[in-house]
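Have a look at the structure below, then the notes.
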Amino acid sequence: MLLQAARDLDLKQSLFVGDSDKDVIAGKVADCRTVFVCSEFSAQEPARGTLDHVVADLWGRVRLLLQASPERYSGPCDLRERNARFPLYRESKQSDTTIHTFMANEKVRLHLGCGEKYLSGYINIDYPADQHTVMHVKADRYVDLRTLSYPDNSVDEIRSHHVFEHFNRAEALKILARWRRWLKTGGVLFIETPDFEASASKFLRAGQKSQFELGRHIFGSQEAKWADHFDFWYAGKFHYVLSRFGFTKISIRRFQNVISQRFRQFRFILNIAGNLVPRRFFKMYGGHTLPNIEVRAIKGDHTIDERAATQEILSQYLVGRENEHLLNVWMKDAGF
């Protein structure tokens, strides 16, 4: 195919696009500029030395092709004009601002379970729109987070806010192992969940309305299939699990209310003062006094035994005379 194309094209001025290492190698041998599509269909990341460009998905590829041919498409090009030239834009129903291109020397940062909070500079990913009943999600990609895939050692940062608690104990460890494989050595992991320990403590002192709110915070909003909370997280558990999975420099931040989260530099004071704000203030302006916890960790450079780490952690849940039969069920759910 490349030899035939060389009869009519200058391969040195051409882009060879593929989603496998074999595609990229073929493009390099033919002296093309290579574009690796880092998608859920990508099996393995090519060697960095063979790459000229990395794009996150189809839309990043289209954007790169447009940028790569200024002599053909010079001058301003509004969305309607691009829709007319490229049906893919029309079918995507996404504005040009939601299309992200990631070059080989730039960071690939994933925002998983983005919901309505769209972060610039990230690939924002969430479940398809038909799986949301209340939120109006804005994302770059709509895909089941449990089946999402990226090449190993290809991602610089993974961020998830109020997502991790939606996975059951076995599935959470399976996904955590997957996220670690995606991250480059030194890559950053951010996870935010409800703070189970602080919520349970607060529950014992709260009135009925606050107890109901805390119960919802712990067990989920439950308005959609994905909206149940299946697991609990607190500072000690995060330290234990993440260290077993080879993460280092684990730091924890705890927030007692939405005010301390918005003004993080004053969180120690606002964790106390924010809880003294009258309930009618939050009812009028929005917000809450529900405890959350955020963890930041770095992927270490040592190899880990995922199976051994998973088995050790899951064994902590066994009660009384429960034995390996139950543990084996959990291990199977975790992919072993």
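VAL241 versus (1) in a helix (DSSP H, G or I); (2) surrounded by fewer than 19 Cβ atoms within 10 Å (Cβ to Cβ); (3) at pLDDT 95 or above: which is the lone unmet condition?
Evaluating VAL241 over (1) in a helix (DSSP H, G or I); (2) surrounded by fewer than 19 Cβ atoms within 10 Å (Cβ to Cβ); (3) at pLDDT 95 or above leaves (2) as the failure.
A quick yes/no check of all residues on (1) within 20 Å of the chain's Cα centre (by Cα); (2) β-branched (Val, Ile, Thr); (3) at pLDDT below 95; (4) surrounded by 15 or more Cβ atoms within 10 Å (Cβ to Cβ):
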residue	(1), (2), (3), (4)
GLY207	no, no, yes, no
GLN222	no, no, yes, no
GLY246	yes, no, no, yes
ILE269	no, yes, yes, no
ILE272	no, yes, yes, no
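Between a first residue in the range 211-223 that is assigned by TED's automatic domain parsing to the domain that holds TRP233 and on the phi > 0 side of the Ramachandran plot and a second residue that is of a type in the set (Asp, Glu) and assigned to a loop (DSSP other than H, G, I, E, B), which pairs have beta carbons less than 6 Å apart while being 6 or more apart in sequence or on different chains?
From residues that are assigned by TED's automatic domain parsing to the domain that holds TRP233 and on the phi > 0 side of the Ramachandran plot, the pairs are GLY220/ASP228; GLN222/ASP228.
Which count do you get for residues in the range 142-192 that are in a helix (DSSP H, G or I) and of a type in the set (Phe, Trp, Tyr)?
Final tally of qualifying residues: 3.
The values are calculated or read from the model by the stated rules, or taken from the named source; none is laboratory data. Bear in mind that the values here come from a model prediction, so they are computed numbers and not experimental data. Positions of Cβ are generated from backbone atoms using ideal geometry, with glycine treated the same way; all protein chains shown enter the neighbour counts.
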